[in-house]
Amino acid sequence: MKSLSVKIWRGADEGHFDRFSVPVRENQTVLDLVTEIQRQQDPTLSYRFACRVGVCGSCAMMVNGRARWTCRTHVRSLGVGTDEGIGEGDSDEITLEPLRNMPRIKDLTTDMSRFIDQWGEAGAGFTSARDRNDDPARVDPNSKKRKAANAAIECINCGVCHASCDVVAWNDEYLGPAALNRAWSLVNDERHEARDETLEAALGPGGCSNCHSHGNCMTACPIGLSPTRSIAGLKKMSLMAMIGIK
Ligand code: SF4
Ligand code: SF4
Ligand code: FES
């Protein structure tokens, strides 16, 4: 049976790669590889997953240098493990590392607390004047603002865009694509009471003006969201606010 060589980061910020050999199987995902290694070769290997079907986003890792959901990444799509070598490469080796731009806890797991805190710093917490006893707000689903909010709202905090952003990599202050994408959704959400405060936070020192619009976040997002477009929207909205147009 043909085998793949899988190089996996071990340790925290300091560490090394261990190499494992895993048999090639039909319809094998990268998450399947990691699970097989952990169950059959090294039970001390740490990694995260939950749904295994592309819903939770917790299985995100760097796969051959690119941030991906490993449960939705088939080994064949990487161009390894097949005689044809289809896809991006033509080798029998896969390299797995924890998501970039986050502190490493152990092996393939990262500390996402700063990433989550940045959502708060971007004003990305929903506030409503209504409570459970009030009628739901009436929102026109076809309004321009609601459509803009909806286009960004499906984010599940997986961190793939954050790990793919070069500005996040070198600028500690930058809040990053996911937090700003959420801010964009909220400044367009008529039900959100603190829209002005969210816009102000998203325009702050770590905010949208740091984005270079090079689009890596948009290319990487596994569900096709475009933080790049959301951030461009925030920049435009700030300009309009400056000249008194809301
Ligand atoms: S478009 Fe902006 S947020 Fe997205 S990867 Fe580029 S710099 Fe980062
Ligand atoms: S915008 Fe996409 S890539 Fe970024 S955290 Fe949300 S779901 Fe993940
Ligand atoms: S395990 Fe939930 S998206 Fe991969």
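When each of ARG19, ARG39, ARG52, ARG130 is tested for being in a strand (DSSP E or B) and open to solvent by 20 Å² or more (accessible area, probe 1.4 Å), the lone residue that passes is ARG19. Within the range 33-60, the set of residues being free of Cβ contacts under 8 Å to residues at least 24 places away in the same chain and under 18 Å from CYS71 (Cβ atoms) comprises THR35, GLU36, GLN38, ARG39, PHE49, ALA50, CYS51, ARG52, VAL53.
Looking only at residues of the range 162-215 that are open to solvent by 60 Å² or more (accessible area, probe 1.4 Å) and within 9 Å of ligand 1 (Cβ to nearest atom), we find that the one that is modelled with the lowest pLDDT is HIS214.
Restrict the check to the range 212-226 and report whether at least one residue is away from ligand 2 (no atom under 16 Å from the Cβ), assigned by TED's automatic domain parsing to the domain that holds ALA178 and under 12 Å from VAL167 (Cβ atoms).
As a first pass, look at the range 212-226 and keep what is away from ligand 2 (no atom under 16 Å from the Cβ): 212.
Remaining after also requiring assigned by TED's automatic domain parsing to the domain that holds ALA178: 212.
Within this subset, residues satisfying the condition of being under 12 Å from VAL167 (Cβ atoms) are 212.
Checked the range 212-226: at least one residue is away from ligand 2 (no atom under 16 Å from the Cβ), assigned by TED's automatic domain parsing to the domain that holds ALA178 and under 12 Å from VAL167 (Cβ atoms).
In the range 66-80, how many residues are modelled with pLDDT of 95 or more and part of a loop (DSSP other than H, G, I, E, B)? Result for the range 66-80: 1.
So which of ASP135, ASP166 ends up being of a type in the set (Asp, Glu) and either away from ligand 2 (no atom under 16 Å from the Cβ) or under 15 Å from ILE223 (Cα atoms) (or both)? Spell out how you get there, then give the answer.
Values: ASP166 fails: either away from ligand 2 (no atom under 16 Å from the Cβ) or under 15 Å from ILE223 (Cα atoms) (or both).
Only one candidate passes the filter, namely ASP135.
How about the range 91-125: which of its residues are part of a strand (DSSP E or B) and either loosely packed, with under 15 Cβ neighbours inside 10 Å or aliphatic (A, V, I, L, M) (or both)?
Narrowing the range 91-125 to residues part of a strand (DSSP E or B): 93-97, 104-106, 109-110.
Result: GLU93, ILE94, LEU96, ILE105.
Out of everything in the range 1-44 that is over 16 Å from VAL63 (Cα atoms) and of a type in the set (D, E, K, R), what residue ends up being modelled with the lowest pLDDT? Top of the filtered list is LYS2.
Which of the following residues is farther than 24 Å from ARG68 by Cα and free of Cβ contacts under 8 Å to residues at least 24 places away in the same chain: GLY233, GLY244, GLY206? Steps first, answer last, please.
On the way: GLY233 fails: free of Cβ contacts under 8 Å to residues at least 24 places away in the same chain; GLY206 fails: free of Cβ contacts under 8 Å to residues at least 24 places away in the same chain.
GLY244 is the lone residue from the list that is farther than 24 Å from ARG68 by Cα and free of Cβ contacts under 8 Å to residues at least 24 places away in the same chain.
Would it be correct to say that PRO222 is open to solvent by 20 Å² or more (accessible area, probe 1.4 Å) and touching a strand residue (DSSP E or B) at 6+ places or on another chain (Cβ under 6 Å)? Here the answer is yes, as PRO222 does meet what is asked. Among the residues of the range 115-135, the one identified as under 28 Å from ARG68 (Cα atoms) and polar (S, T, N, Q) is GLN118. Quick one: is ASP196 free of Cβ contacts under 8 Å to residues at least 24 places away in the same chain, more than 23 Å from VAL55 (Cα to Cα) and in a helix (DSSP H, G or I)? So ASP196 fits the description; yes.
Go through the range 134-158 and count every residue that is assigned to a helix (DSSP H, G or I) and open to solvent by 80 Å² or more (accessible area, probe 1.4 Å). Quick ask: steps written out before the conclusion?
So in the range 134-158, the residues assigned to a helix (DSSP H, G or I) come out as 144-152.
When the remaining residues are screened for being open to solvent by 80 Å² or more (accessible area, probe 1.4 Å), the result is 144-145, 147.
Number satisfying all stated conditions: 3.
Listed by first and then second residue, the pairs with beta-carbon distance under 6 Å, at least 6 apart or on different chains, first residue in the range 90-114 and under 16 Å from ARG66 (Cβ atoms), second among the basic types (Lys, Arg), are THR95/LYS7; PRO98/ARG104; THR110/ARG104.
Considering only the range 49-63, I want to know if a residue exists there that is at pLDDT 95 or above and away from ligand 2 (no atom under 16 Å from the Cβ). The answer is yes, given that some residue of the range 49-63 is at pLDDT 95 or above and away from ligand 2 (no atom under 16 Å from the Cβ). Residues in the range 2-16 that are polar (S, T, N, Q) and open to solvent by less than 40 Å² (accessible area, probe 1.4 Å): SER5 alone.
The values are calculated or read from the model by the stated rules, or taken from the named source; none is laboratory data. Since this is a predicted model, take the numbers as computed values, not measurements. Methodologically, a virtual Cβ is constructed for each residue, glycine included, from the backbone with ideal geometry; neighbour enumeration extends over all protein chains shown. Note: areas computed on protein heavy atoms with side chains; ligands, DNA, RNA excluded. Shrake-Rupley method; radii C 1.70, N 1.55, O 1.52, S 1.80 Å.
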